[in-house]
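Step one of this worksheet: look at the structure below.
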Amino acid sequence: MSLKKICILLLSASVSFIQLIYAQSTTVEGYIRDKGTNEPIPFVHILFKGTQTGTTTDTSGYFTTTINSNSIKEDSLIISSLGYTTTKVNFKINQHQKIDIQIIPEFFQLQEFVVRPGENPAWRVLRKVNDNKRNNNPDFKTNYYCEEYSKIRFDLNHFTEKIKKNILVRPFDFIWNNVDTTSDGITYLPVLVVEKMVEHFYQQSPKEKRDFINAVNTTGLEGPKIMKFVEDLYQAPNFYNNYVTILDKSFPSPLNDNYKSNYKFYLTDSTGTATNKTYKITFLPKQKRELAFIGEMLIDSGEAALKEITVRFDIMANVNFVRSYWIKQTYSKVNHQHWMLTQSDVLGDFTVIENSSDLTGFFGRKNSGFIHYKIDTILPQKVFKGTSIVVESDSSKNKSNDYWTKSRHFELSKEDKGVFKMADSLKKDPRFILRKKIIVGAATGYYPVCSVDIGDIFSFYSYNNIEQSRIKFGFRTNDKWSIPLFLSTYVAYGTYDEKWKYKVNAEYSFNKSKLIKTKLGVFYRNDISQLSRSFNNIELDHVLSSFIQVGNNNASKNYAQDFNLYVENGWTTGFASRLNYFYNITAPTKDVFFVSRNLAGNSIIQNNYYASGFDLTLKYSWQNKKVNGNFYNKEDFKNAFRKYPDIALQFKIADKSVGSELNFRKIKLSLKQQIRTQKLGYFKYYIEAGKTFNTVPYPYLDMPFANQLVMMDEYAFNLMNFLEYVSDQYVSVHLEQHIEGLLLDRIPFINKLKWRNFLFAKAYAGSLSMQNNQSIYLFPEKVSTLHEPYYEVGFGIENIFKFARVDFIWRLTDTSKPDVYYFIVKPSFRFSF
């Protein structure tokens with residue numbers, strides 16, 4: 001046979017084989033759109049009916065999915081998305097076809113409404129509701145009491161056979177025994193159940209609110225991130241207020257005093273008699289992609305009271321990790337007089353990885369019942385004592401099964417009970433325990449081993465100009481430690497400076513089981529520190545610091561020995577104090593010198609400076625149960641909306657009478673707050689002021705926080721060099737206005753990225769008194785004082801890929817100095833809704 005004939009036969013066989021393959025598979029692709037608005041809908045579930053095969057639409061509403069034709073049970077696709085009517089669409093088997101699909105919102109279709117001349121009839125109803133808010137809003141009651149039982153369940157959803165083969169879950173076949181399927185054909189696996197019993201007390205004057213958590217039952221796969229979702233689901237928004245907060249975002253209520261500004265309203269139905277009607281009003285946002293709801297509500301005509309409200313928002317709203325979010329609240333008459341919330345249901349469809357067909361997210365479900373109302377009665381005033389709004393009983397997590405059986409307002413479902421069984425099996429499985437430890441170690445830097453955590457893993461090795469290669473090992477105790485004594489230690493060695501470094505910290509907590517704690521602590525550290533480095537920056541010996549530093553900043557580093565002996569007291573929720581004895585020795589690193597003048601005016605080099613004395617720190621942070629007495633506590637600076645500003649005040653004194661080389665006094669004060677500005681997003685500020693009294697060497701002067709890392713530091717000046725300026729009195733101001741998606745959501749194509757923008761300005765005004773400007777202590781080269789305030793301004797884009805932020809920063813002061821930049825772009829990373 002000739003070579004030509006062989007080639008023809010091979011080509012024919014290949015074509016036949018390809019045709020056979022295609023003949024055995026079916027592919028469907030297309031776009032899914034809203035039938036009313038024709039907008040593409042992302043994250044819609046598409047499933048071949050009767051199978052586990054399917055996909056989700058991407059951010060443009062596009063999908064494509066393929067199935068082996070032999071696996072097809074029926075020639076139809078099931079199209080489902082929270083807030084839309086489930087749709088069935090037919091397709092042709094053994095073909096590759098394109099189908100464009102429109103699905104119908106559950107609440108309404110826009111084309112059903114006919115606009116007639118005159119006032120919108122829905123406005124007349126809403127005007128009456130607003131006029132009667134004082135009668136119907138629970139917050140205007142003299143007082144009330146009720147009991148709440150709530151159950152939250154999280155289900156992993158929309159996963160395929162591929163996820164079952166993942167190395168993390170492959171050994172645990174038994175967890176799939178609890179898999180179920182919704183009526184829409186979406187597979188889900190319940191993994192967490194949280195139950196709570198809460199007593200609510202409220203009085204209007206003086207306005208006080210207390211929530212007593214009497215019992216908590218958590219079963220399943222809990223973790224810090226998923227428990228944050230749990231806490232967010234516990235919110236029961238009051239729609240009588242102008243704005244409601246959901247997932248840290250401010251949404252205008254459909255009962256807002258300026259209801260016409262945010263929504264389009266349609267009176268879609270009325271039932272009942274002429275004197276006792278119930279109106280159904282449907283609403284949708286005036287602007288696409290705004291933080292606003294789609295929904296409907298039932299209004300009692302006689303008392304203009306809310307009887308029921310159902311709202312939802314979806315991926316089109318600029319909220320991260322949410323495909324759709326649905327809330328339904330039911331109000332009932334209590335004592336034949338007061339309309340009060342009696343049932344609240346929430347269903348959230350959260351996405352973990354967008355545009356992924358494998359394990360893309362989870363359902364969060366909450367069901368709450370409110371019973372035993374007492375309204376406008378005499379409440380015991382002792383319940384309002386103290387400052388904690390939420391008080392959890394010491395025995396809340398120790399309730400018996402009999403207690404829960406008697407207390408639940410509704411029975412556990414089969415799926416709920418499956419979580420209990422699965423959790424019991426996982427807790428005993430050593431393979432699961434190992435995987436959990438590895439994940440914890442990767443996320444926190446500390447690997448748990450019995451009652452201690454080994455770490456910080458990310459600082460076991462690092463590199464810097466002083467030590468070059470640095471090796472470190474440490475550990476700390478964890479919650480399994482049987483006594484109320486926290487221990488933390490590490491040892492490190494620098495291969496170039498050939499010095500050992502170490503730290504030991506021990507803290508004993510009295511009244512461990514109570515919210516208000518007294519602590520006695522001792523701290524000793526002998527290591528390298530960096531002057532003017534922000535408390536908010538990554539650690540100096542973090543492995544990333546080896547790669548992301550800009551410029552030479554050795555002069556700002558020194559060897560420091562710090563000893564602290566302190567007693568700390570938490571007086572009440574959010575208020576703490578710390579009295580501390582300190583002893584500090586500061587010595588220069590290689591090629592850095594501490595120079596001073598003697599009485600004859602000659603320069604002398606000193607080996608070190610040392611100071612000892614006392615400092616007192618007072619801190620207030622409204623409803624912050626984790627506040628401590630450390631003036632700069634990184635945990636305090638995580639984004640949180642509080643009613644009042646966080647305040648920190650510190651007095652410090654060093655005196656020769658307690659073994660100090662130096663005599664000085666210091667005082668500093670800080671204020672910090674993050675404030676919702678409704679549709680404009682939120683505003684945050686940080687203000688700090690301080691003064692140093694007496695003559696001190698430069699390491700003990702005040703220095704603005706600088707940042708020479710390529711990563712942005714929110715609480716530092718990002719175009720200022722380390723140890724560039726010193727002062728002995730100063731005021732520092734940081735301002736940021738986060739506009740969220742208000743502007744970028746109105747730009748076509750850009751709005752699909754869900755980017756958000758913000759503006760910021762920072763200023764530092766500092767001066768140096770005559771006694772420190774002409775003192776016997778000399779400054780290193782390039783260290784100077786400020787003759788005018790230092791400014792940085794700029795803007796930024798955040799929520800890039802849901803976690804990245806980019807700042808465009810301009811320096812406005814001393815821009816002609818050598819070795820400084822007047823403009824820079826810096827990234828940072830943080831997850832948020």
Looking only at the range 228-246, decide whether some residue is touching a helix residue (DSSP H, G or I) at 6+ places or on another chain (Cβ under 7 Å), open to solvent by less than 20 Å² (accessible area, probe 1.4 Å), at pLDDT 70 or above and not basic (Lys, Arg).
yes
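Restricting to the range 252-267, give me the number of residues that are in contact with a Phe, Trp or Tyr (Cβ under 8 Å, 6 or more places away or on another chain) and either under 13 Å from Leu284 (Cβ atoms) or without any contact (Cβ under 8 Å) to a residue 24 or more places away in the chain (or both). Don't jump to the end; show me each part of the working.
In the first step, residues of the range 252-267 are kept if they are in contact with a Phe, Trp or Tyr (Cβ under 8 Å, 6 or more places away or on another chain); the result is 252-256, 259-260, 263-267.
Those still in the list that are either under 13 Å from Leu284 (Cβ atoms) or without any contact (Cβ under 8 Å) to a residue 24 or more places away in the chain (or both) too: 252-254, 256, 259, 263-266.
Qualifying residue count, the range 252-267: 9.
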Criterion first (without any contact (Cβ under 8 Å) to a residue 24 or more places away in the chain and in a strand (DSSP E or B)) does Phe795 satisfy it?
no
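A quick yes/no check of all residues on (1) hydroxyl-bearing (Ser, Thr, Tyr); (2) touching a strand residue (DSSP E or B) at 6+ places or on another chain (Cβ under 6 Å); (3) surrounded by fewer than 13 Cβ atoms within 10 Å (Cβ to Cβ):
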position: Trp571; (1), (2), (3): no, no, no
position: Phe575; (1), (2), (3): no, yes, no
position: Leu579; (1), (2), (3): no, yes, no
position: Thr586; (1), (2), (3): yes, yes, no
position: Tyr609; (1), (2), (3): yes, yes, no
Scan the range 439-485 for residues that are closer than 28 Å to Thr518 by Cβ, among the hydrophobic types (A, V, I, L, M, F, W, C) and crowded, with 17+ Cβ neighbours inside 10 Å and jot them down.
Val452, Phe475
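Conditions (1) in contact with a helix residue (DSSP H, G or I) (Cβ under 6 Å, 6 or more places away or on another chain); (2) open to solvent by 20 Å² or more (accessible area, probe 1.4 Å); (3) at pLDDT 95 or above; (4) not in a strand (DSSP E or B), marked per residue:
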position	(1), (2), (3), (4)
Ile653	no, yes, yes, no
Ser657	no, yes, no, yes
Ser660	no, no, no, yes
Arg665	no, yes, yes, no
Leu669	no, yes, yes, no
Lys679	no, yes, no, yes
Tyr686	no, no, yes, no
Lys691	no, yes, yes, no
Thr695	yes, yes, no, yes
Which of the residues belonging to the range 609-637 are within 22 Å of Asn558 (Cα to Cα) and either part of a strand (DSSP E or B) or among the aliphatic types (A, V, I, L, M) (or both)?
Tyr609, Tyr610, Ala611, Ser612, Gly613
Evaluate the following for Ala648: is it of a type in the set (A, V, I, L, M, F, W, C), out of contact with any Phe, Trp or Tyr (no Cβ under 9 Å at 6 or more places or on another chain) and closer than 29 Å to Tyr790 by Cα?
no
For Asp497, all conditions in the list (1) open to solvent by less than 90 Å² (accessible area, probe 1.4 Å); (2) under 29 Å from Ala442 (Cβ atoms); (3) not in a strand (DSSP E or B) hold save one; what is the number of the exception?
(2)
Filtered residue count, the range 275-292, keeping only those that are open to solvent by 60 Å² or more (accessible area, probe 1.4 Å), farther than 30 Å from Pro748 by Cβ, touching a residue at least 24 places away in the same chain (Cβ under 8 Å) and in contact with a strand residue (DSSP E or B) (Cβ under 9 Å, 6 or more places away or on another chain):
2
Of all residues in the range 582-608, which are under 42 Å from the mean Cα position of the chain (by Cα) and part of a strand (DSSP E or B)?
Phe582, Tyr583, Asn584, Ile585, Thr586, Ala587, Pro588
Can you pull out every residue in the range 302-319 that is out of contact with any Leu (no Cβ under 8 Å at 6 or more places or on another chain) and crowded, with 19+ Cβ neighbours inside 10 Å?
Ala304, Ala305, Thr310, Val311, Ile315, Met316
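Of everything in the range 268-290 that's more than 19 Å from Lys133 (Cβ to Cβ) and at pLDDT 90 or above, which residue is nearest to the chain's Cα centre (by Cα)? Outline the logic, then answer.
Initial filter on the range 268-290 (more than 19 Å from Lys133 (Cβ to Cβ)): 268-277, 280, 282, 284-290.
Subset that is at pLDDT 90 or above: 280, 282.
Values: Lys280: 36, Thr282: 32 Å.
Here the residue is Thr282.
Just to check your reading of the model, which residue among Ser577, Ser596 is small (Gly, Ala, Ser), touching a Gly at 6+ places or on another chain (Cβ under 7 Å) and farther than 27 Å from Phe460 by Cα? Even if it seems obvious, please write down each step before you answer.
Values: Ser596 fails: touching a Gly at 6+ places or on another chain (Cβ under 7 Å).
None of the others qualify; the one that does is Ser577.
Would it be correct to say that Ser727 is out of contact with any Cys (no Cβ under 9 Å at 6 or more places or on another chain), buried (at least 22 other Cβ atoms within 10 Å of the Cβ) and among the polar types (S, T, N, Q)?
Details: out of contact with any Cys (no Cβ under 9 Å at 6 or more places or on another chain): yes; buried (at least 22 other Cβ atoms within 10 Å of the Cβ): yes; among the polar types (S, T, N, Q): yes.
Spelling it out, Ser727 is indeed out of contact with any Cys (no Cβ under 9 Å at 6 or more places or on another chain), buried (at least 22 other Cβ atoms within 10 Å of the Cβ) and among the polar types (S, T, N, Q).
Could you list, in sequence order, the residues of the range 133-153 that are in contact with a Lys or Arg (Cβ under 8 Å, 6 or more places away or on another chain) and among the basic types (Lys, Arg)?
Our first condition is that a residue be in contact with a Lys or Arg (Cβ under 8 Å, 6 or more places away or on another chain); within the range 133-153, this holds for 140, 144-146, 148-153.
If the condition is that a residue be in contact with a Lys or Arg (Cβ under 8 Å, 6 or more places away or on another chain) and among the basic types (Lys, Arg), then Lys151, Arg153 are the ones that fit.
The values are calculated or read from the model by the stated rules, or taken from the named source; none is laboratory data. The structure displayed is predicted, hence computed values, not measured ones. Cβ sites come from the backbone with ideal geometry, for glycine too, and all protein chains shown count toward neighbours. Just the protein is used for accessible areas: all its heavy atoms, side chains included, with ligands, DNA and RNA removed. Shrake-Rupley method; radii C 1.70, N 1.55, O 1.52, S 1.80 Å.
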